[in-house]
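Presented below is the structure to which this report refers.
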Amino acid sequence: HYKCYGTGSTEEHIRERGVNVIHGGLNSLRFTPVFAIGPDEADLIVDAVRQALLHGPRIATAEAA
């Protein structure tokens with residue numbers, strides 16, 4: 001389980017790595033790239049999300065239940 005927004009969240013983890021992201025609700029993120037995004041920028045976003053899910057903050061098991 002992942003904390004989507006706030007201190008110690010997936011949103012914060014991704015932002016710290018240079019990707020413009022805001023929370024879109026309890027369990028969603030919104031990305032805010034420029035309109036002229038290219039393949040390299042898209043790959044950067046995908047990689048940042050992958051790294052956040054693999055290595056970023058998580059909700060403690062008792063808290064998630």
Review point. In Å, the Kirkwood hydrodynamic radius of the chain over pairs of distinct alpha carbons?
Key: 12.3
Review point. In deg cm²/dmol and to the nearest 500, what is the mean residue ellipticity at 222 nm of the chain if only DSSP H runs of at least 4 residues count, each as -39500 (n - 2.57), divided by the residue total?
Key: -11500 deg cm²/dmol
Practice item. Quick one: compute the contact order of the chain, relative version, from alpha carbon pairs under 8 angstrom and 6+ residues apart, as a percent. Key: 41
Point to revise | Potential extension, Asp43-Glu16 segment - 0.36 nm per residue separation minus Cα distance | key: 8.0 nm
Study note, to complete from the structure: Sorted by chain and number, the residues with a modelled amide H under 5 Å from that of Lys3, at a separation of 5 or more or across chains, are Thr10, Ile59
Practice item. Compute the acute angle (0 to 90°) between the alpha-carbon long axis of helix 39-55 and the principal axis of greatest extent of the alpha-carbon atoms of the chain; round to the nearest 10°. Key: 10
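Values quoted throughout were computed directly from the atomic coordinates according to the rules given, and no laboratory measurement underlies them. All of these numbers come straight from a predicted model, not from anything done at the bench.
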